[in-house]
Every structure is written in C-alpha cells, then in structure tokens.
Amino acid sequence: MLRSSLLSVALLAFAQSGAAYTLVDDFSATNFFPNFDFFTSEDPTHGFVKYVDAATAHSTGLTDIKTDSDGSQSVYMGVDYTNITHDGRPSVRITSKKSYNHGLFIGDFSHMPGGVCGTWPAFWMLGPNWPVGGEVDILEGVHQQTRNNMVAHTNANCSIQDWGFSGSLKTDDCDVEAPDQSPNAGCRITSTVPNSYGTGFNKAGGGVYAMEWTPEYIKIWFFTRAWGGTVPLDIELGHPDPKSWGFPDAAFQGPCDINDHFYDMQIIFDTTFCGDWAEGVWAESSCSDRAPTCLDFVRDNPAEFEEAYWGVNSVKVYQ
Ligand SMILES: *[C@@H]1O[C@H](CO)[C@@H](O)[C@H](O)[C@H]1NC(C)=O
Ligand SMILES: *[C@@H]1O[C@H](CO)[C@@H](O)[C@H](O)[C@H]1NC(C)=O
C-alpha cells in the first residue's frame, strides 16, 4: 500500500518534470562481459597482480554469472583465492568497449572487493592519453578502509571548490602535477557515509553509486542498502532524476573546463593488490602486523581473498 502510493507519487513527479535521462546502455548478467575488454598488460599502478584474459578468467572461475536464491542474477568478478602466487595474484581488469561524453552512470552492486588487507579495487572512468582525457575514481580504496575515496585526475588548469557536497574535501587541484600536492594526488573527496566502502558496504548488501557528468560538473552520489535502503525510487523505476537526490557525496566543479579535461571516458572495473597506493600505506595501515610487506601478505595468504570480488547487479548509462 505504502509502496504503491509512493510509486504513484514518483511517477507523477516524473511525468511533471519531463524525461531528462534516457537509458542508452544496460550492462547486466545477460550481456555484461561481451561489452567489456579484458586488460592483460602490466598493472600501470605497479600492483602485485596478474590480469588474465576473458577465457582464463572464465575457465578458472574468476568471472561468472551467479544466480541468487530469489532467482535474480549478478555478475561475479573475483580473484584467485586458492594459490600461493609468486608472479602476482590472478585478477581481472575490464574496460567498456564504448566510451562516453557526458551522461548518468549508475552502478548497482551487491558486493565489492574492499575491506581485505592488500586489496586496491576501483570502479572508475578513464579518458585517452592519461591524464589528458581525465580520470574519475567513483568507488576506490585500499585495505580495511571503511569510507569511499572519490578522486579526479587531469592535466593543468582544473581545480575544484566546495559548492555543496557531503564528503570531505582533501585536495582541490586535479592536476596530477600540482606543485603543492604529492604526485598524482588529484582532487580528492572522501565520503562521510558509513558503509560506502569495504566490509560495511558488503554487510549492508551493497548499494548504488551514481555519477552525473555534464559540461558544468561531475557529481557522485552513494545510496546504501543499509537501514532498509536509501536507493531513490526513481532509480529503481528506471527514470533517474538527480535533481531529486539532494546533495551529492562529491562534486568536481569549480575553475575547471570540464569538457576540456574529461572526454571519451570508458568504464573500468579492477582489483589490484599492493602497488603504488596500497603498498605505499601498508606500514601505517591496520594490516601491517599481518606481514612485513603488502606483497608478502598477498603472495602467501590466498584464503584471505575469497571476499575480494565484485557483485554487479547492473551498470546503466543514461544520456
Ligand atoms: C591455482 O593453481 C592450479 C594449479 O596450478 C590451477 O589449475 C588453477 O587454475 C589456479 N587457480 C586460479 C584461480 O588461477
Ligand atoms: C594552463 O594554463 C596556462 C596559462 O593560461 C597555459 O599556458 C597552459 O597551456 C595550460 N595548460 C593546459 C594543459 O591546459
């Protein structure tokens, strides 16, 4: 009763506002992997990882389509959690075949690889000729982090100001060579929302990340499934209207020409281990008493990585 009246209110609001966004791509269990390429080169972030191709991922169980008890299907992307590995832990990194300019990108996840020592997963977008075409990290973190880290990376002349978001602004210059920031820091906003990353995210049953990219700004919202769920009905109904969602968790907006600094971006999922970020902060992390280095830990403890998987219900693109 309550749900159906909420539904009619939402439909009425939708009818009155007019359809701003139309679905252009819907990647889910039935069509997910054919729409992505598997990246098999050395990890550009120097992780202790071995990215495998589509056939290897499938035959060794790193990728799969899972059917839940209620009959719904999700995309599984995991890592090797059985072998001690001396040349990097097998994992996957996939890139959408399509590239995009502007749009609303909505990732609905039941699970993410975070919360595990040694891991560095990300759901992100990347333009050509880094950092010229831009990079936006929508969902990213390392080790036992509990709150999401949202970052944009560009070349010179793009910085952001706090024009209203709930996250906490850490660095404001997106230029990877910004003189007063550590190399490649980018402009970084950390989430203030519990369950936005890692173990808490997974215990809550996951959630929805949405990124709206216009010529004026790039904004990111997170909706947890904790506390009975906060995912807006307009998303569930397939008529998303960001204007109704309130403050975003992050907004990349300010003295930055968005069209100059972000273009032709592709959607990427990966799970790497250690490398530039995760190895770099190992000693100061809560994981450091488990092994002398991140690499030692990832090499020697396969069973720790069973939970290091993506459960993707869908990635939808609206324009
Ligand atoms: C683990 O090693 C065994 C034996 O070499 C191999 O058959 C298997 O595919 C490996 N598992 C993964 C996930 O790579
Ligand atoms: C940044 O701005 C300066 C000053 O206008 C200009 O010389 C430089 O080419 C710009 N760099 C980029 C990458 O846009």
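Assorted remarks:
- What separates the Cα centres of segment 157-185 and segment 20-54 is a distance of 27 Å.
- Over 24 Å (Cα to Cα) - which of 50/170; 170/219; 50/219 fall in this group: 50/170; 50/219
- The Kirkwood radius of segment 74-133, taken over pairs of alpha-carbon atoms, gives through the Stokes-Einstein law at 37 °C and 0.692 mPa s a diffusion coefficient of 224 µm² s⁻¹.
- For the chain, a Gaussian network of Cα nodes joined below 10 Å ranks 204, 278, 55 by mean-square fluctuation, and the top entry is 55.
- The shape of the chain comes out oblate: with a ≥ b ≥ c from the C-alpha gyration tensor, a/c is at least 1.5 while a/b does not beat b/c.
- Restricting the GluC sites (Glu not before Pro) of segment 253-308 to loop positions (DSSP other than H, G, I, E, B) with no more than 10 neighbouring Cβ atoms within 10 Å leaves 284.
- The radius of gyration of the Cα set in segment 136-254, together with its Dmax, comes out at 14.6, 46 angstrom.
- Direction-averaged projected area, Cα convex hull, segment 25-140: 8.5 nm², rounded to one decimal.
- Quarter the surface of the alpha carbon convex hull of segment 179-319 and you get the mean projected area, 11.2 square nanometres.
- Excluding same-chain neighbours fewer than eight residues apart, the lysines reachable from residue 66 by a Cα-Cα span under 22 Å are 203, 316.
- Unit charges on C-beta of K, R, D, E only; dipole of segment 199-295, Debye: 480
Taken together, the values in this text are just the output of simple stated rules run on the coordinates, not laboratory data. Being a predicted model, the structure only gives us computed values, none of them experimental. All Cβ positions, even for glycine, are placed from backbone atoms using ideal geometry, and neighbour counts span all protein chains on display.
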